[in-house]
Amino acid sequence: MIDCIYIPTSGRSQNQITFDNMTENAQRVTRLVVQPKEKDLYPNYPIIVLPDNDIGITATRRWIYEYASKQKYFVSDDDSKFACRKPWHNEEKTKRIMTDNDWHYMLDTTSKWMDDGISFGRLRTGGL
């Protein structure tokens, strides 16, 4: 299973779209990654505080990469909403907000891909 979902965020303490639209089970493995100057703005969220302010998204993603180097993790933007689409299931709506089962399936499947050494870059370019 995925160890953690990291959401780098800045200036959105009152509008956490991604986290607020996750199920409770998905939220349990999720951490917002915030700048030190904003650490007190997220009292109701699980946070990890960056070492410095204003380091930018590239440096933040690098920091997450180094911080989580021994984990299987997932990084998401802070303004995403996740939906499930199963057009092959005629009895279900073809696009809907993800349920706990959908989150579990997505995180479990992604974890298995990582275990099998599948590169997401190869998936995007059709290199399998």
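Observations
- Of the GluC sites (Glu not before Pro) found in segment 12-118, those in coil by DSSP whose Cβ has at most 15 other Cβ atoms within 10 Å are Glu91, Glu92.
- Residues whose amide H lies under 5 Å from that of Ile47, counting only those 5 or more places away or on a different chain, are Leu32; hydrogens are built 1.01 Å from N in the peptide plane.
- Probe 1.4 Å, protein heavy atoms only - accessible area per residue of the chain in square angstrom: 65
- The trypsin sites (Lys or Arg not before Pro) of segment 1-48 include none that DSSP puts in a loop with a beta carbon having at most 13 other beta carbons within 10 Å.
- All Cα pairs of segment 1-120, percent lying beyond 26 Å: 25
- Degrees separating the helix 100-115 axis from the principal Cα axis of the chain, which is the longest one: 90
- Rounded percent of accessible protein surface that carbon and sulfur make up, segment 1-112, 1.4 Å probe: 47
- For the residues Ile17, Ile97, a 1.4 Å probe over the protein chains yields an accessible-area ranking, largest first, of Ile97, Ile17.
- Acute angle (nearest 10 degrees) that the helix 56-67 long axis makes with the longest principal axis of the chain, alpha-carbon atoms: 80
The values are calculated or read from the model by the stated rules, or taken from the named source; none is laboratory data. These figures come from a predicted structure and were not determined experimentally. Please note: Cβ atoms are built from the backbone with ideal geometry, for glycine as well, and neighbour counts cover all protein chains shown. Areas reflect the complete protein model, heavy atoms only, side chains present, ligands, DNA and RNA absent. Shrake-Rupley method; radii C 1.70, N 1.55, O 1.52, S 1.80 Å.
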